[in-house]
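Written out below as structure tokens is the structure these notes cover.
Read-outs throughout are calculated quantities, based only on the coordinates presented, and are distinct from any laboratory measurement. All of these numbers come straight from a predicted model, not from anything done at the bench. Please note: Cβ atoms are built from the backbone with ideal geometry, for glycine as well, and neighbour counts cover all protein chains shown.
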Amino acid sequence: MHFLQVYPCSEDPSLALLSLLCTGLEEHMAKKGKKHTPTPEDMPLVHPHAAGIDVGAEEHWVCVPADRDAQPIQKFSAFPCDLHRLADWLKACGITTVAMESTGVYGMPLFQLLETRGFAVALVKARHVKNVPGRPKTDRFDCRWLQKLQSDGLLAPSFRPPEDVCRLRSLLRHRDTLVHLSVKHIQHMQKSLEQMNLHLHHVISDVTGVTGMRIMRAIVAGERDPRTFATFRDSRITSSADTIAKALEGDDRPAHICTLTQSLALYDFTQQQIAACDQEMERVLDTFASLIAPEPPPYPHRRLPIGNPKETNPRLLSAPICTGAPASTSRQCRAYKP
């Protein structure tokens, strides 16, 4: 009668009891599964001595924790004297780690200076920082946002190799640029030859090879006889001397000769710079410590003895007899027969 009084509209008292039990069980499970999620205000500081720098081409905005200075956000120019003043201010504020965006080469001088002064500098990608809706986009807010994220440990630094590897990487990138410039000069030389109706690239596979360079240097020097050009043919060229002579009967106009001369000079200069860059890379590589154990030298190849092997090597007495060996090794097999 008690359940009928509580649930007068229910026809079955058992259904009312089941409803009460389910409601209590749901409340108990909700309380058990509820966990405390920290808000951004009470998150623990992973790096309490962190600063954020918004790097610019002409000026840098720096933010430190609010309790370190009366003006926690300051602006410094990109001049070397101001970069040193920036590092001194960070030291005075007790900063140990700095977060800055990897926004081009104009941030590298600041990074190298801070790293030399003992700071733990973290280069972070801009897309990991700025993709936050509703945040004002100014230099002052950017450095403040970097400082907040670095303090909470939410920024993953990009990989930067050691200093000696950075030197080698810079040289390799510069060499790659020189190679691309060299290709441009080769294209200009081919264009000049085509404008003079000289089909040099149709009779030889590489215009910068031995034969091609001989012919182009002769053209620049003033030679115009196709038969003379054919004498520069290397023995490895598949085209005959007559074919080369026919392909080099062109129209030598002064303007095209001038462009060919300058393109050839630029190509030679670029090749000299590539060789100098290779020498510099060799000097950098010599400073690297070898991390691979040198392999032992291979044993010299010993020819099989001729005559009685029992007298030369007693260990060959137990060698098995070779049966069914090919003709090329039959002599060796008979030599090992006891």
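Taken about its Cα centre, the range 168-286 carries a charge dipole of roughly 120 debye when the Cβ of each Lys and Arg holds +1 and the Cβ of each Asp and Glu holds -1. Computing FRET efficiency as 1/(1 + (r/R0)^6) for Ser170 and Phe141, where r is the C-beta to C-beta distance and R0 is 25 Å, gives about 0.15.
Extending 7 Å from the Cα toward the beta-carbon at both Thr96 and Ser158 defines two label points whose distance is 2.6 nm. Set Lys and Arg Cβ to +1 and Asp and Glu Cβ to -1, take the dipole of the range 168-286 about its Cα centre, and tell me which of Ile257, Pro226, Ile215 lies farthest positive. Checked the options; the winner is Ile257. Here r is the Cβ-Cβ distance between Thr243 and Asp278 and R0 is 41 Å; the resulting FRET efficiency, rounded to 0.05, is 0.65.
Restricting the trypsin sites (Lys or Arg not before Pro) of the range 208-283 to loop positions (DSSP other than H, G, I, E, B) with no more than 14 neighbouring Cβ atoms within 10 Å leaves Arg224, Arg236.
Around the amide H of Ala51, modelled in the peptide plane, lie the amide H atoms of Thr97, Val98, Ala99, all under 5 Å away and 5 or more residues distant in sequence or on another chain.
Judged by the gyration tensor of its Cα atoms, with axes a ≥ b ≥ c, the range 137-213 is prolate; a/c meets the 1.5 cut and a/b is the larger of a/b and b/c. The charge dipole of the range 50-151, taken about its Cα centre with unit charges on the Cβ of Lys, Arg, Asp and Glu (plus for the first two, minus for the last two), comes to roughly 340 debye. Rounded to 0.05, the FRET efficiency of the Arg117 and Asp268 pair, given R0 = 41 Å and the Cβ-Cβ distance, is 0.40. When the charge dipole of the range 50-151 is built from unit charges on Cβ atoms (+1 for Lys and Arg, -1 for Asp and Glu) and taken about the Cα centre, the candidate among His84, Met108, Leu149 whose Cα reaches farthest toward its positive end is Leu149.
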